[in-house]
1. Determine the gain in length on full extension of the stretch residue 582-residue 428; use 0.36 nm per residue of separation and subtract their C-alpha separation, reporting nm with one decimal.
2. Return P(r) of the chain (all Cα-Cα pairs; 20 Å bins starting at 0; whole %; ordered from short to long distances).
3. Give me the number: length gained by fully extending residue 410 to residue 229, i.e. 0.36 nm times residue separation minus the C-alpha to C-alpha distance, one decimal in nm.
4. How much FRET efficiency would the formula 1/(1 + (r/R0)^6) give for residue 526 and residue 564, where r is the Cβ-Cβ distance and R0 is 25 Å, rounded to 0.05?
5. Equivalent ellipsoid semi-axes for segment 438-619, as square roots of 5 times the alpha carbon gyration tensor eigenvalues: give them largest first, rounded to whole Å.
6. Which percentage, to the nearest 5, of the DSSP beta bridges contained in the chain is antiparallel?
7. Working only with C-alpha atoms, what are the Rg and Dmax values of segment 120-197, expressed in angstrom?
8. What number, in percent, do you get for the relative contact order of the chain if the mean sequence gap of Cα pairs under 8 Å and at least 6 apart is divided by its residue count?
Ligand SMILES: Cc1ncc(C[n+]2csc(CCOP(=O)(O)OP(=O)(O)O)c2C)c(N)n1
Ligand SMILES: [Mg+2]
């Protein structure tokens, strides 16, 4: 059903009926669905395990609300109307806690776009391009636990791949739904647009599937089974799933299937075995430190991890990837660990502990270890992965992270709990007429941020400056440290803000990164998302200048945009905007942005080579970082 353009959403569905009760048996019979099929989403244990991470209606558990009005549609004759494959997919993903769908429309994807636009539960969020949409979906998934991204065949899905692959690397669950040419045309081998002109239609499936942890090519018969399979697998790994749907199949009625949702659970015996070893190691450890990993954040397990750490009483540290995962003012917080760039006390605690409890699989990469300067003995690690526990050479499988956290909270080590002295917020220095230096800027960010803010950090010099700075309690931080694709933060901030309008989203980006995806500032305005944006304009790619012997290569220079004018040009004429050259101007702009009811956009003029200490350190370790032949 193609809605009439510009018709208000509700009026597009005059045939919807409100009460499912009397229709349900008929629908079940018609679809030959067992009556419990209506309960599928309720059975998904992860809904409940997300706890406060998700605040969605389906928490109330009203059966009638589970499958939306899409499924209740009747023909004007009063007969129950078929549920199309596209409608089923949208409704099934809505039941995963998704209420927005990011994407760019295209003809092969029209049936899916229509199903979203017609859905009472999922709102279409058009982005300026598919890369932006994939970044926005990644941001959204980090907050909601899952996101939906719709792109069209070939040209659309391939443009999204970097963002989806980044979500895979960083463990963010994006359902990437792609509309394919019709099965009719595929079967006939027709030459069609968005193909290589070879009559082959499988060219891109493998490429897109590589960016996911699982994939399915949907038809009416396999739809229900395949949706449960990919949802189960994507949840198990917390990584993207790729779902390709030929356009004619998308409109076909979905065929019934006898299927139950797949819920990952620990094997009880394996869990007990793992816990027995962990308990023994914990009891015998003279010193122990916990590393809550970024996966805890992605799975919404912060409270559980905090409880386990509090019961264990040990100090905990974070890498850049877990900044503020638990408040930095927590008495057990022992600092940010980044190899040789750590505070000496933090370094001693981490590198000197005879037990390191890695909760979730911390990622020790070149960035988090400050150019591989960490000195960690991995034989002292117990690594609790999403689905297994590694202790030395032993791997115990089928053990879920959430269950290990619950069990850890029951251990009662005899040693006295660790109590650190929380680092004070850095003092705000400088006089109003001073130029803006990075040394003066980072403490100002810390002073500006407050509980209830989610700060989104872009790859670049600023994030390396902000992360070592103590931030106030109650501030959330999202960054793409491992994948590190510039341009990510602007659309990710958009997705994050949409996912949780109860918090204020603050975007901190360099101007070089911003140039890749700034056009979706327009979408922030369009959808009324009031992000506060800080753009550091330091005349080029500073981080790149620092990571080379020669800072003056011309490829690190940029077209000199008039950044402060962007919101106006992109449809955000009511936003607060300012370009600031001095500390006084910056302080005033920060105050105005904080009180602004609309979005705010501040262009900060910084020094071309003014970099944070960690970047200067990396500059001194280029050989270690990149690996040079001796
Ligand atoms: C998609 C992508 N392209 C290129 C890079 C390489 N790269 C990393 S940081 C960076 C420049 C960032 O510059 P800017 O945002 O201005 O931040 P600054 O370091 O200047 O503060 C580039 C080009 C990347 N990480 N991702
Ligand atoms: Mg720059």
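1. Working: separation 154, 0.36 × 154 = 55.44 nm, distance 1.39 nm.
Going from the current span to full extension adds 54.0 nm.
2. 19, 49, 29, 3
3. On the way: separation 181, 0.36 × 181 = 65.16 nm, distance 3.34 nm.
Length difference between fully extended and current span is 61.8 nm.
4. On the way: r = 20 Å, r/R0 = 0.79.
Taking R0 as 25 Å, the efficiency between residue 526 and residue 564 is 0.80.
5. Working: eigenvalues 116, 65, 50 Å².
In descending order, the three semi-axes are 24, 18, 16 Å.
6. On the way: 10 of 71 bridges.
In the chain, approximately 15 percent of DSSP beta bridges are antiparallel ones.
7. 14.1, 43
8. For the chain, the relative contact order is 11 percent.
Quick note: the coordinates plus some simple rules give every number you see, no bench work behind them. Computed from a predicted structure; not experimentally measured. Heads up, the Cβs are rebuilt from the backbone with ideal geometry, glycines too, and the neighbour counts pull from every protein chain shown.
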